[in-house]
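Peer 1: Here's a structure for you.
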Amino acid sequence: MKPDSFIIVAIDGGAASGKSSTARALSERLGLMHVNTGAHYRTLTHALLKAGADPACPDTIPSLLESLTVETRLQGASAQLAVNDCIPKDSEIRSPEVNAAVSLIAAIPQVREFLFQYQRNQAQLARQENYPGLVMEGRDIGSVIFPDADFCFFLHVDAATRAARRAKEGLTDSIAERDKLDSSRKTAPLKCPKHAVKVNTGPHSLKAVVDLICEHIDSSHD
Ligand code: DC
């Protein structure tokens, strides 16, 4: 990779498709700043639930959003979203309550607008912090947030492997239900962008998936 060329790598995919492990490992391998936008939606959902939001009544959400402030805190190469000065624990943003509400909250257009510029600005932060690039994972990174990303990958895997991954993590999560909601919403649905490189993570080890992505980046980035 040329030292003077900043790259943006978009990694999208459904729940438990291997995005987070892959994005983290890629960040370590290439020294990129890492942003997990699923954690953004989870952190916002956690804050909104705490503020009394009812995910079944989307009309109440926009006014609650006005009471929230956002900023970024870097933990190593991982850029974390703080809402109202607070980064909730992993166990809080992966609780059954957040799992049940996050797709409903993420489907609200005002919620997506609230995060849009914040997420785009992460590229600027990565540059300011002298990272050679940014890897951002989510559902709409290659389609909406960075349609102009230098590299765009879409990870997928069969249902049985996904369920086994979550069970191994000891987490309760309705993966299929979230994917259905995420792909059928009107605003920024989960979909594979036409220009994305599709990667089936099921048959491969994490190292093999990262090798494959790096080979792709190296071969098209001279
Ligand atoms: O990546 P994850 O499973 O932790 O994401 C949690 C939820 O956040 C997911 O079900 C939908 C929403 N999300 C989204 O709508 N857009 C993104 N870019 C990332 C996540």
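The values are calculated or read from the model by the stated rules, or taken from the named source; none is laboratory data. Bear in mind that the values here come from a model prediction, so they are computed numbers and not experimental data. Every residue, glycine as well, gets a Cβ built from its backbone with ideal geometry; the counts of neighbours run over all protein chains shown. What goes into the accessible areas is simple: the full protein's heavy atoms, side chains included, and nothing from ligands, DNA or RNA. Shrake-Rupley method; radii C 1.70, N 1.55, O 1.52, S 1.80 Å.
Peer 1: Select the strands (runs of 3 or more DSSP E) contained entirely in the stretch 60-171, then report the ones holding at least 2 residues which are touching a Leu at 6+ places or on another chain (Cβ under 8 Å) and either open to solvent by less than 20 Å² (accessible area, probe 1.4 Å) or more than 12 Å from the ligand (Cβ to nearest atom) (or both). If you could, list the steps in order and put the result at the bottom.
Peer 2: Details: elements: 70-75, 78-83, 133-138, 151-156.
Passing ranges, in order: 70-75, 78-83, 133-138.
Peer 1: Is the stretch 27-46 home to any residue that is farther than 25 Å from residue 143 by Cα, within 16 Å of the ligand (Cβ to nearest atom) and surrounded by 23 or more Cβ atoms within 10 Å (Cβ to Cβ)?
Peer 2: For the stretch 27-46, residues farther than 25 Å from residue 143 by Cα, within 16 Å of the ligand (Cβ to nearest atom) and surrounded by 23 or more Cβ atoms within 10 Å (Cβ to Cβ): present.
Peer 1: Would it be correct to say that residue 67 is over 16 Å from the mean Cα position of the chain (by Cα), small (Gly, Ala, Ser) and under 25 Å from residue 181 (Cα atoms)?
Peer 2: Working: over 16 Å from the mean Cα position of the chain (by Cα): yes; small (Gly, Ala, Ser): yes; under 25 Å from residue 181 (Cα atoms): no.
The answer is no for residue 67.
Peer 1: Scan the stretch 184-201 for residues that are touching a residue at least 40 places away in the same chain (Cβ under 8 Å) and farther than 17 Å from residue 162 by Cα and jot them down.
Peer 2: Applying the first criterion (touching a residue at least 40 places away in the same chain (Cβ under 8 Å)) to the stretch 184-201 yields 185-193, 195-201.
Correct list: 185, 186, 187, 188, 189, 191, 192, 193, 195, 196, 197.
Peer 1: Next up: Filter the stretch 15-26 down to the residues that are under 10 Å from the mean Cα position of the chain (by Cα) and either more than 11 Å from the ligand (Cβ to nearest atom) or open to solvent by 10 Å² or more (accessible area, probe 1.4 Å) (or both) and list them by number.
Peer 2: Selection gives 19, 20.
Peer 1: Moving to a separate point now. Consider only pairs whose beta carbons are under 7 Å apart and that are at least six residues apart or on different chains; among these, list those whose first residue lies in the stretch 112-139 and is more than 21 Å from residue 5 (Cβ to Cβ) and whose second residue is more than 13 Å from the ligand (Cβ to nearest atom).
Peer 2: 114/65; 118/70
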